[in-house]
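The values are calculated or read from the model by the stated rules, or taken from the named source; none is laboratory data. Values in this document were obtained by computation on a predicted structure and should not be read as measured data. Neighbour counts are summed over all protein chains in view; Cβ atoms, including those assigned to glycine, are modelled from backbone coordinates with ideal geometry. Remember, those area values only see protein heavy atoms, side chains included, never the ligands or the DNA or RNA. Shrake-Rupley method; radii C 1.70, N 1.55, O 1.52, S 1.80 Å.
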Amino acid sequence: MKKLQILTYPDPRLKIKSQEITQFDKNLQQFIDNLIYTMYNSPAGVGIAAPQVNKHIRAIIIDASNYKHKKNKLNHGLMVLCNPKIVDKDGEIIIREGCLSVPDYTGNVKRYNWIKVEAYDQYGKLITFDTEGFEAVVIQHELDHLEGKLFLDRISSTKDLFRRKVYKK
Ligand code: NI
């Protein structure tokens, strides 16, 4: 497995809309393995989307299980979500978000507190689940990457944007 290079803001390739996955083959599975490896070997890596490593396909990885946050109450551990869709949603939550592609800033973003998701795993098996709080926010953040959006695009005022202290090594 290898660590893939992460594109950082303002790289214009982060704005490309990602394509549906149609082939759940060995190439996809190998790419997903590298994406998982890249996420776990990045600071505070709770989620990553394929376009962040310049592969514009609709795949995201999340793992909220190791992240301490007061709104992190429910999580499903490591999940690979291909062609993910939010099919139902409710409520409202604001969490301070960070992004591997925006290493210098964090920001307060308003999201749905509860979501129901339909997706496929890397083998093409259908997954449906619902989640809330921190994990729901991570999924919505990663879904934005598939549309070529960053959390910065959802910030309405500079008072919601914060300069990040340097990641501890
Ligand atoms: Ni991100």
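Summarise the long-distance tail of P(r) for the stretch 36-130 by giving the % of C-alpha pairs beyond 18 Å. Don't skip to the end; give the middle numbers.
Values: 2309 of 4465 pairs.
Counting pairs separated by more than 18 Å, the tail of P(r) holds 52 percent.
Run the helix sum for the chain: -39,500 (n - 2.57) per DSSP H stretch of 4+ residues, divided by residue count, reported at 222 nm to the nearest 500 deg cm²/dmol. Present the calculation step by step, with values, prior to reporting the outcome.
Details: 2 runs with 28 residues, N = 169.
About -5500 deg cm²/dmol.
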Inset, instruction - Filter the cross-link list Lys68/Lys159; Lys3/Lys159; Lys2/Lys159; Lys26/Lys110 down to pairs whose alpha-carbon distance in this structure exceeds 32 Å. - result: Lys3/Lys159; Lys2/Lys159; Lys26/Lys110
Legend entry - Rounded to the nearest 20 debye, dipole of the stretch 12-163 from Cβ charges on Lys, Arg, Asp, Glu: 380
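What is the Cα radius of gyration of the chain over 2.2 N^0.38 Å, N being its residue count?
So the chain has a normalised radius of gyration of 0.97.
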Legend entry - Percent accessible area from carbon and sulfur atoms, the chain, protein chains only, probe 1.4 Å: 48
Legend entry - For the chain, accessible area per residue (1.4 Å probe, heavy atoms of protein chains only), Å²: 57
Legend entry - Residue (of Leu146, Ser101, Ile16) at the positive-pole extreme of the stretch 12-163, dipole from beta-carbon charges: Ser101
